[in-house]
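Data first, discussion second: the structure below is written as structure tokens.
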Amino acid sequence: MKCRVLLVPRSRGEELRRRLVAEGWLRSDVGILAYGDRLALPLVEGASVPDGLGEIGEIDLPPRAALAPEDYRDLVSLPPELQPLLPRSFDVIGDVVLVRIPRTLEAHAGEIGRALLAFVPGARIVGEDRGVHGEARRRSLVALAGTGGWRTRHRENGIDVEVDLERAYFSPRLAREHARVAETIRPGDRVYDLCCGVGPFTLTIARDGRARTITSVDSNPDALALLRGSLTRQGFGTPVTLREGPVEVFAPIAEPVERVILNLPLEGIKYLPSVARTTARRGHLYYYEVVPRTEFDHREKAVVLALGSAGEWRVSSSHVVHPYSPTSDLVGFDLERAGEGA
């Protein structure tokens, strides 16, 4: 039947489905449909959905199966005392689903994986994410259900990103941040994407075509190989140079440029003094850090002090990108360097 829908990226499907349910906007008599690289969430008549959540459209949707679950947790059979411990969130990256499982539920990990595989449209494999380790920021993953490896192609901001979740770090939770930073690039800006990983910032900026050049730096050769594949397949016109090596080696010899990105949330603070010199006068630095919520109000001053150039920097804005843990958030800091004589 014809139905008004909200078209959203698969990576945000569960988050936005919950939002629609909470607001009373999700229609329950028809099913959710995989629609290309997006999900079609059916809207009740008259639902006034705010701008920015997705694209409004009208498509044919099938009637909802009588017992179709609204939450993957409905598919997991656990003792009542354990049911509240089930993870509430998970990440969808291409056709891969990643979930973090508390130790108290390790014995039920396989059942959780099978439930997610059945629940997430288009899922091929479900893995337990046991965290990121080492300088190359590689994830430790354990397959729970499904088949195949961890290489996939993730769609965000209209771009196909080559991803191998076991060999190079990638988070689907930063799509809006990648687009936001790309929108600030002015025609002719030169860009450094430091600790670029598989290059979602690089790809989004290159897609828009305003940057004069982009230099993408990472110490993980696997991440750069994946980025090279994404660039080759899409053929953007912006010149992109890939540099393999650590930030502390690149920064001292780098010519200052107008825009610099440093997304290394757990240890980037130690590189700020050297990264500061890569940013030209009147240039902009986009810096990301995991910040305890109790420290948020004071963190801007600490970041400016860490840059090590008294009076040269100011924070033009800071914002929470997404929650990181029960007590901390990933925070983005937009910093501006003063001009000569300021």
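Every number here is computed from the coordinates shown, using simple stated rules; none is lab data. Values in this document were obtained by computation on a predicted structure and should not be read as measured data. No Cβ is skipped: glycine too gets one built from the backbone with ideal geometry, and neighbour counts run over all protein chains shown.
A few points about this structure:
- Rounded to the nearest Hz, the phi-derived 3J(HN,Hα) couplings of region 232-243 under the Karplus curve 6.51 cos²θ - 1.76 cosθ + 1.60 (θ = phi - 60°) are 5, 5, 8, x, 5, x, 5, x, 10, 10, 9, 10, where x marks glycine and proline.
- For region 173-337, the fraction of alpha-carbon pairs in successive 10 Å shells from zero, as %: 10, 41, 37, 11, 1
- Amide H within-cut-off set for GLU258, under 5 Å, with H built and near neighbours excluded: ARG190, ALA280
- Lys/Arg +1, Asp/Glu -1 at C-beta; the chain dipole; positive extreme among THR202, TRP150, TYR169: THR202
- Counting 0.36 nm for each residue step from SER317 to VAL21 and taking away their Cα separation leaves a gain of 103.4 nm.
- Contact order relative to length of region 72-149, as percent, for alpha carbon pairs under 8 angstrom and 6 or more apart: 27 percent
- With contacts taken as Cα pairs under 8 Å at a separation of at least 6 residues, region 70-117 carries a relative contact order of 41 percent.
- Across region 299-342, the relative contact order, built from alpha-carbon pairs under 8 Å that are at least six residues apart, equals 36 percent.
- Candidates per chymotrypsin sites (Phe, Trp or Tyr not before Pro) in region 248-342, loop by DSSP, up to 16 other Cβ within 10 Å: none
- For ARG243, distant residues with modelled amide H under 5 Å away: SER216, VAL217, ASP218
- About its Cα centre, the dipole of the chain is roughly 400 debye, where the only charges are +1 on Lys and Arg Cβ and -1 on Asp and Glu Cβ.
- Loop exposure criterion: GluC sites (Glu not before Pro), DSSP state outside H, G, I, E and B, at most 14 other Cβ atoms within 10 Å. Applied to the chain, the longest stretch between such sites is 167-266.
- Of all DSSP beta bridges in the chain, antiparallel share, percent nearest 5: 70 percent
- In whole angstrom, region 72-149 maps to an equivalent ellipsoid with semi-axes of 21, 16, 10, each derived as √(5λ) from the alpha carbon gyration tensor and ordered largest first.
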